[in-house]
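Quick notes on the structure that follows.
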Amino acid sequence: MATGQLFSRTTQALFYNYKQLPVQRMLDFDFLCGRETPSVAGIINPGSEGFQKLFFGQEEIAIPVHSNIEASCAAHPTADVFINFASYRSAAASSMAALKQPTIRVVAIIAEGVPESDTKQLIAYARANNKVVIGPATVGGIQAGAFKIGDTAGTIDNIIHCKLYRPGSVGFVSKSGGMSNELYNTVARVTDGLFEGIAIGGDVFPGSTLSDHVLRYNNIPQVKLIVVLGELGGRDEYSLVEALKQGKVTKPVVAWVSGTCARLFKSEVQFGHAGAKSGGEMESAQAKNQALRDAGAVVPTSYEALEIAIKETFEKLVEEGKIAPVKEFKPPQIPEDLNSAIKSGKVRAPTHIISTISDDRGEEPCYAGVPMSSIVEQGYGVGDVISLLWFKRSLPSYCTKFIEICIMLCADHGPCVSGAHNSIVTARAGKDLVSCLVSGLLTIGPRFGGAVDDAARYFKDAYDRNLTPYEFVESMKKKGIRVPGIGHRIKRGDNRDKRVELLQAFARTHFPSVKYMEYAVQVETYTLSKANNLVLNVDGAIGTLFLDLLAGSGMFAKPEIDEIVEIGYLNGLFVLARSIGLIGHTFDQKRLKQPLYRHPWEDVLYTK
């Protein structure tokens, strides 16, 4: 066990099992105390590596994250404190691994419920190797103005209120973390403040004892007064009694053992800590208080009188000239986190992203204001979801059905088209699903599947300007532009595309108006007079029928329709639909275990 100070203003720690709040509180305490370097040198998260962004005052810093204890200790050889936030299941093993590192001097174990047999092994190893264990079941400890462990002393407001940002003259040790906060406040009110405070933890077998720390305080010149808060159960306080009797503690000790109310109960009572259970008269709070009093400690008659006892003992030391006044100063202001400042109404900040189609902040996600549960309960289909996420409104059923038909008809067009071919070649190269899908999608454009928007745009413009089919086609010819949505490599006037016929039949039956589609049919009649392959293709059918859907539903104003066409909504339908087929081709090739594709020589014209 160490015989002097555990911490200083240059102490650095390794934090095991990352928790954002306690680490940030440590860094805020560092800034409050005017430390030049952060007290957290590294973070250990098993299986993870990289950096964790946190704040050191106003500055954002990156703290290294290591995957194991050995690597972290090697990377930060000056960090000699190991703060273990692991659960009780792994706390003992990770703590032992830390104790075995030559650079680690102090291990704080926060978890409750660590098996007593494991704790005994940790204690034995630590004592044999002159190392210190604080805990298990502890909040940690603090050296005022220098270093603190995790959540010790609570919020920054509480730390400032208790003047823990600068050192005082009192050394304090307790079993309870919660009562430590209470005593820090008491000490700040009636003395010049705390120098160091330790909560050893409430387990039956703490890694270090009350007397261990009292003996340390006795060797620290800055500590002039020692305050001890024990509790009923166990016999830890008696080792302090023996130290007092043997003259090992020469500084005044003010002590109180909590739990005197236990005698009011007819049966034995288990208080909050595992060790807070009296196992006989000697373990009662009354017996311990009397033994401490007989050994020379200042022991009040009640907990309520503890503050007065501390105050009187401190004032006596001041009168004797053993304590010089502490120079007070105003600590720096800790910058408030943006989120908390916004919530409290202190600041306003611009957002970086705008979303109008979905919201995941409530109990369940909403699509365009419609809760997910309603979507499922009301039997919405894919078309309904697209109408909410793409158009931000619930379209009539015939509209959503048309959308679903488009997706079904455009899902695939065989393995030979460019998109499917690319996905197949990529799959046979052993690439992952996303790579195969993207490989196929990247071929979509003006020459393959990307003419839906252009077809809608040009047909709408021609119809709205009252151009005859002749005027429309010939004007496009003069511009050197092929009419989008007209023409097919295979289909002819006497062998129409069945997909086009299905879409037209559905629209004529269900749509209130099909004016754009009928105009496209008239254009087709004219183009067929020029060549038998200049038929209305599926791009032209979807493009014009979508115009009829938007205009005929009565739910879209003309500027909205123009914007939908301009943005590329209609090509989005083809991209969505064809993704189904591209994924299918990818799975098909992988299922068939097809080898790497190589294009045959005989299909290549080699020429100079």
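Counting only residues that are open to solvent by 10 Å² or more (accessible area, probe 1.4 Å) and more than 17 Å from PRO332 (Cβ to Cβ), segment 23-44 holds 1 of them.
Figure legend. Inter-residue proximity from segment 42-53: first residues farther than 18 Å from ILE83 by Cβ, second residues part of a loop (DSSP other than H, G, I, E, B), beta-carbon distance below 9 Å, spacing 6+ or different chains. Indicated pairs: GLY47/SER67; GLY47/ASN68; GLU49/SER67. Considering each of LYS245, LYS266 in turn, give the residue that is open to solvent by 50 Å² or more (accessible area, probe 1.4 Å) and at pLDDT 85 or above. So the residue among LYS245, LYS266 that is open to solvent by 50 Å² or more (accessible area, probe 1.4 Å) and at pLDDT 85 or above is LYS245. Only residues that are of a type in the set (Val, Ile, Thr), open to solvent by 70 Å² or more (accessible area, probe 1.4 Å) and outside any loop (DSSP other than H, G, I, E, B) were counted across segment 356-380, and they come to 1.
Of all the listed residues (HIS599, HIS585), the sole one being within 22 Å of LEU442 (Cα to Cα) and open to solvent by 60 Å² or more (accessible area, probe 1.4 Å) is HIS599.
Taking the conditions exactly as written (surrounded by fewer than 16 Cβ atoms within 10 Å (Cβ to Cβ), within 47 Å of the chain's Cα centre (by Cα) and more than 21 Å from GLU474 (Cβ to Cβ)), does ILE567 satisfy them or not? The answer is yes for ILE567. Would you be able to tell me the number of residues in segment 509-525 that are free of Cβ contacts under 8 Å to residues at least 60 places away in the same chain, open to solvent by 50 Å² or more (accessible area, probe 1.4 Å) and either in contact with a helix residue (DSSP H, G or I) (Cβ under 8 Å, 6 or more places away or on another chain) or on the phi > 0 side of the Ramachandran plot (or both)? Selection size over segment 509-525: 4. Restricting the first member to segment 550-567 and to residues that are within 14 Å of ARG457 (Cβ to Cβ), and the second to residues that are part of a helix (DSSP H, G or I) and modelled with pLDDT under 90, the beta-carbon pairs closer than 7 Å and six or more apart or on different chains are VAL565/ASP453.
Figure legend. Inter-residue proximity from segment 456-483: first residues over 24 Å from LEU573 (Cα atoms) and in contact (Cβ under 8 Å) with a residue 40 or more places away in the chain, second residues assigned to a loop (DSSP other than H, G, I, E, B) and among the aliphatic types (A, V, I, L, M), beta-carbon distance below 7 Å, spacing 6+ or different chains. Indicated pairs: VAL473/VAL483. Being in contact with a Lys or Arg (Cβ under 7 Å, 6 or more places away or on another chain) and in the same structural domain as ILE200 (by the TED database) holds for only one residue in PHE31, PHE85, PHE51, PHE55, and it is PHE85. Among the residues making up segment 214-233, a single one is under 16 Å from GLY141 (Cβ atoms), in contact with a strand residue (DSSP E or B) (Cβ under 9 Å, 6 or more places away or on another chain) and either open to solvent by 20 Å² or more (accessible area, probe 1.4 Å) or of a type in the set (Asp, Glu) (or both): GLN222. Applying the condition of being β-branched (Val, Ile, Thr) and at pLDDT below 95 to segment 408-453 and asking which residue is surrounded by the most Cβ atoms within 10 Å (Cβ to Cβ) yields VAL452.
Each residue in segment 402-451 was checked for being part of a helix (DSSP H, G or I) and over 40 Å from the mean Cα position of the chain (by Cα), and 5 pass. Within the set GLU70, GLU36, the sole residue that is charged (D, E, K, R) and more than 26 Å from the chain's Cα centre (by Cα) turns out to be GLU36. If you go through segment 248-261 and pick out every residue that is assigned to a loop (DSSP other than H, G, I, E, B) and open to solvent by 20 Å² or more (accessible area, probe 1.4 Å), you end up with 4. With respect to the conditions (1) modelled with pLDDT of 95 or more; (2) surrounded by fewer than 21 Cβ atoms within 10 Å (Cβ to Cβ), GLY47 falls short on a single one, namely (1).
Scanning segment 70-110 for residues that are in contact with a strand residue (DSSP E or B) (Cβ under 7 Å, 6 or more places away or on another chain), open to solvent by 10 Å² or more (accessible area, probe 1.4 Å) and hydrophobic (A, V, I, L, M, F, W, C) yields ALA75, PHE85, ILE110.
Among residues of segment 231-247 that are touching a residue at least 12 places away in the same chain (Cβ under 8 Å), those with a Cβ under 8 angstrom from a residue that is open to solvent by 40 Å² or more (accessible area, probe 1.4 Å) and basic (Lys, Arg), sequence gap 6+ or separate chain, pair up as LEU232/LYS277; GLY233/LYS277. Residue pairs whose Cβ atoms lie under 7 Å apart, separated by 6 or more positions or on different chains, with the first residue in segment 588-608 and in contact (Cβ under 8 Å) with a residue 12 or more places away in the chain and at negative phi and the second part of a loop (DSSP other than H, G, I, E, B) and of a type outside the set (Phe, Trp, Tyr), are LEU596/ALA429. When segment 315-355 is filtered for residues that are surrounded by 10 or more Cβ atoms within 10 Å (Cβ to Cβ) and more than 47 Å from the chain's Cα centre (by Cα), the ones remaining, listed by number, are GLU315, LYS316, LEU317, VAL318, LYS322, ILE323, ALA324. Restricted to segment 168-204, and to residues there that are among the polar types (S, T, N, Q) and within 36 Å of the chain's Cα centre (by Cα), the residue that is farthest from LEU122 (Cα to Cα) is ASN185. Summed over segment 472-500, the residues that are open to solvent by 80 Å² or more (accessible area, probe 1.4 Å) and either in a helix (DSSP H, G or I) or in contact with a strand residue (DSSP E or B) (Cβ under 9 Å, 6 or more places away or on another chain) (or both) give a count of 5. Flag: ILE542 does not match the condition of being hydrophobic (A, V, I, L, M, F, W, C) and exposed (fewer than 15 other Cβ atoms within 10 Å of the Cβ).
The values are calculated or read from the model by the stated rules, or taken from the named source; none is laboratory data. The structure displayed is predicted, hence computed values, not measured ones. Reconstructed Cβ throughout: ideal geometry from the backbone, glycine too, with neighbour counts over all protein chains shown. Ligands, DNA and RNA are stripped out before the accessible areas are found, and what is left, the full protein with its side chains, is counted by its heavy atoms. Shrake-Rupley method; radii C 1.70, N 1.55, O 1.52, S 1.80 Å.
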